[in-house]
1. Among all residue pairs at least 6 apart or on different chains, which show Cβ distances below 8 Å where the first residue, located in segment 50-75, is in contact (Cβ under 8 Å) with a residue 12 or more places away in the chain and the second is acidic (D, E) and surrounded by fewer than 17 Cβ atoms within 10 Å (Cβ to Cβ)?
2. Modelled with pLDDT under 95, over 30 Å from Q8 (Cα atoms) and in contact with a helix residue (DSSP H, G or I) (Cβ under 8 Å, 6 or more places away or on another chain): does that describe E89?
3. If V90 meets every condition in (1) of a type outside the set (F, W, Y); (2) closer than 30 Å to R20 by Cα; (3) touching a residue at least 12 places away in the same chain (Cβ under 8 Å); (4) not in a helix (DSSP H, G or I) apart from one, which number is that one?
4. Looking only at segment 58-72, filter to residues that are at pLDDT 95 or above and loosely packed, with under 15 Cβ neighbours inside 10 Å; which one of those is nearest to G105 (Cα to Cα)?
Amino acid sequence: MIATLQQQVNTMLLQQQRSRVEVTRPQVFSGRMEDVSVFINTARIYIRMKMTEEAAIIQVAWVLSYVQGGVAEAWKDNLMDELAKGESEVESVEQLFTKIRNDFGETSEEERKIEQL
């Protein structure tokens with residue numbers, strides 16, 4: 001009983017500390033290949049600091065709210081339709097990040113050098 005109460009108090013203290021920490025939100029992602037890593041990393045940090053208690057679907061929806069404009073808008077609309085129909089393989093925010101990286105992906109440094117030739 002005491003151990004449970006201590007754990008609850010520790011959880012509450014951690015949540016209070018997290019709520020006081022300023023964390024940058026991601027910039028809007030429009031599908032530009034060069035923005036993929038920054039977008040994913042910024043969103044991942046924000047979620048870890050501010051949204052760990054949220055359900056996976058809430059985290060996914062939050063990330064998708066920053067996918068706007070450009071080629072990413074149609075991509076998001078299609079993914080949201082798949083999610084609504086239960087036809088998407090995205091069940092977690094990490095799976096969403098993988099899908100973003102795969103679909104908009106950054107090429108490696110070597111691939112960029114080859115493209116420049």
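1. Short answer, once both residue conditions are applied: A56/E91; W62/E54; V67/E73; W75/D103.
2. Working: modelled with pLDDT under 95: yes; over 30 Å from Q8 (Cα atoms): yes; in contact with a helix residue (DSSP H, G or I) (Cβ under 8 Å, 6 or more places away or on another chain): yes.
When the stated conditions are applied, E89 passes them.
3. (2)
4. Step one: list which residues in segment 58-72 are at pLDDT 95 or above, which gives 58-68, 72.
Retained after the next criterion (residues that are loosely packed, with under 15 Cβ neighbours inside 10 Å): 58, 65, 68.
Numbers: I58: 24, S65: 19, Q68: 17 Å.
Checked segment 58-72; the qualifying residue nearest to G105 (Cα to Cα) is Q68.
The values are calculated or read from the model by the stated rules, or taken from the named source; none is laboratory data. Keep in mind that this is a model prediction, so the values were computed, not measured. All Cβ positions, glycine included, derive from the backbone under ideal geometry; neighbour counts span all protein chains shown.
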